[in-house]
Every structure is written in C-alpha cells, then in structure tokens.
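What follows is a short report on a single structure.
What follows is calculated from the coordinates using simple rules that are stated; it is not laboratory data. Computed from a predicted structure; not experimentally measured. Positions of Cβ are backbone-derived with ideal geometry, glycine not excepted, and every protein chain shown enters the neighbour counts.
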Ligand SMILES: C[S@@+](CC[C@H](N)C(=O)[O-])C[C@H]1O[C@@H](n2cnc3c(N)ncnc32)[C@H](O)[C@@H]1O
C-alpha cells in the first residue's frame, strides 16, 4: 500500500513541534484521485518557496509540506515551479481586485492546501475555501477556519457555497487547478450558475489545452509511481472567449494571461511551442472574466 492510500490518522491532534520548533512530518495522507493532486501543487509551491529568488514567496506551503508524512519526490518527481508561477500570477490578479474591492469576498473553489488567502490578505477581505469534504478535513490539519476565512466542505458544483455569499456584494471567484478535472458539461453549468447568481462578479481560472486533456484521458504517468487523474476539460486558448460567450451572455470582458514554468520540461516544451508562431494556443493559460451586461 502506498503512503497515499494509508487511511488518514492524525498521530497527534496537530502537527507536533520538535524541540527546535520545526513541525515534524507526522500527518498521514488518505487523499485519493483528484484530491491527492493538492499535494502535487503544494509540493511545487513549497519547493519553489525554499529556492533563492523564488517566483513565489510562500512560507505557509513550506510549513505544511514539512508536516506531512508523504513521499512527495517519489510520487511527483522533480518540481518545476509551474504551479508556483501560476499561483504568483493569480496572487497579482487577486491583489489588484482587492485594491478596488477591499471588503470583497473571494470564493476559492477546489482550494486544497492553497494558502493564497494568507499571501494576499488585506485584513478586511473575506475568503471562502470550497473543497470536497475529505479535502477540507485534511486542510484543517494545518489551516483552521475563522470568521473571515471560512471553509465549506462541499463540491463546487453544489449551490451550497454560493448561498453563503451576498449576491449584491463584491465577489471574486477563483478556481485554480480545478476546472480541468471536471466534465465539460459540469464546467459549463458551474460557469452559468456563477454568472446567474453573481452577475457583477469576476472570475479567475486556469485552463489546459485540448491535446493535454486528451493525453490524460489515455493515461499519463508523471513518475513510475503516479498517474495523473483524467482531465476531461481542455480548451485551446483561441477558443476560450467564444466558448464562454456562447455559454453566457452576461460577460463584460475576457482576458487571457500567460504563466510560464521557471524550469524543467514544462519550460522546455513552452519554449519549443513558442518558437512556432500561432502555436501559443496549445499552452495552458489563465483566464480572467469580468461578468456584466
Ligand atoms: C490540483 S488540486 C488544486 C488545489 C489548489 N487549488 C492548488 O492550486 O493548490 C485540485 C483540487 O480540486 C478539488 N476538487 C476536485 N473536485 C472538486 C469539486 N467537485 N468541488 C470542489 N473541489 C474539488 C480537489 O479536492 C483538490 O483540492
């Protein structure tokens, strides 16, 4: 049985502190399927944060990663910083939104072990973390909810979380590393539900290209010990705006933003693809949508 399938068992009520104050790696993992991917993105951010001149400063990821008893390197291989770069770009967008909406609410769907709220906190905003029940239970080993930082243990596809937010207020919905794992019909439904309930909101999410989605449906081994879960929703960047506008008439603007892995094979592939003009549509990217009339 791999470490990833060992039943969850907190050996102490929380990550213990060793004598020198460092958290001991004693939280055991029972996450499976898509929820296990939160460890992959966490590991990437944590390793990046430990590098000199990181693309993302993220001491919380480093703390959480160190407290988990899990063979991160064996399972996910050498981290390339691509998830850290993605998180850094989203941080910039969230910070810019908070400048205009300092008392706003950010709903982060499929948040896993992200600590973005801590990186961008202005002391006034409210943050809603939405994830599946097992994922929220695991998150709470490290991050406790509070009055401003709430946790909702439910699927993003469940209307429950949206009912917790005032539909007339300032709302930003972030879905980082989530939508590709959903069926295309579910992504459409989620997008339409958000647009209908929060007609003035903004949304930030990332997409993967169609070819990579197809590859994962066949089965991609990230390492000899880790097969990527299927990612059924892929879309090329030149199709995104038309697709979203066909889904919902209530869109004011759609912006596409690139993020680039700082190193490793994703950086190499990115460089190679960019050498062929017009091929950028085959790269992953971030999408920033402003809803409105
Ligand atoms: C790749 S991880 C991304 C985690 C985090 N956003 C990050 O970037 O580190 C995917 C996350 O989506 C969550 N997830 C999968 N299906 C979901 C659903 N239907 N509703 C909410 N969360 C979901 C998983 O539990 C997991 O935490």
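Tabulated data
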| read-out | value |
| --- | --- |
| Semi-axis lengths, Å, the stretch 192-293, gyration tensor of Cα atoms, sqrt of 5 times eigenvalues | 28, 17, 12 |
| The chain shape via C-alpha gyration tensor axes, a/c threshold 1.5 | oblate |
| Beta bridges per DSSP with both ends in the chain, % antiparallel, nearest 5 | 45 percent |
| Peptides 224-232, 149-157 ordered by average Cβ neighbours within 10 Å, highest first | 149-157, 224-232 |
| Centre separation in Å (Cα based) which lies between the stretch 96-144 and the stretch 274-289 | 28 Å |
| Among 77, 123, 104: highest mean-square fluctuation, GNM of the chain, C-alpha pairs under 10 Å | 123 |
| Theoretical ellipticity at 222 nm over the chain - DSSP helices of four or more residues, -39500 (n - 2.57) apiece, nearest 500 | -11000 deg cm²/dmol |
| Cubic angstrom per residue, convex hull over Cα atoms of the stretch 76-155 | 98 Å³ |
| Among 205, 191, 76: highest mean-square fluctuation, GNM of the chain, C-alpha pairs under 10 Å | 191 |
| Listed residues 93, 42, 283, most fluctuating in the chain (Gaussian network, C-alpha, under 10 Å) | 93 |
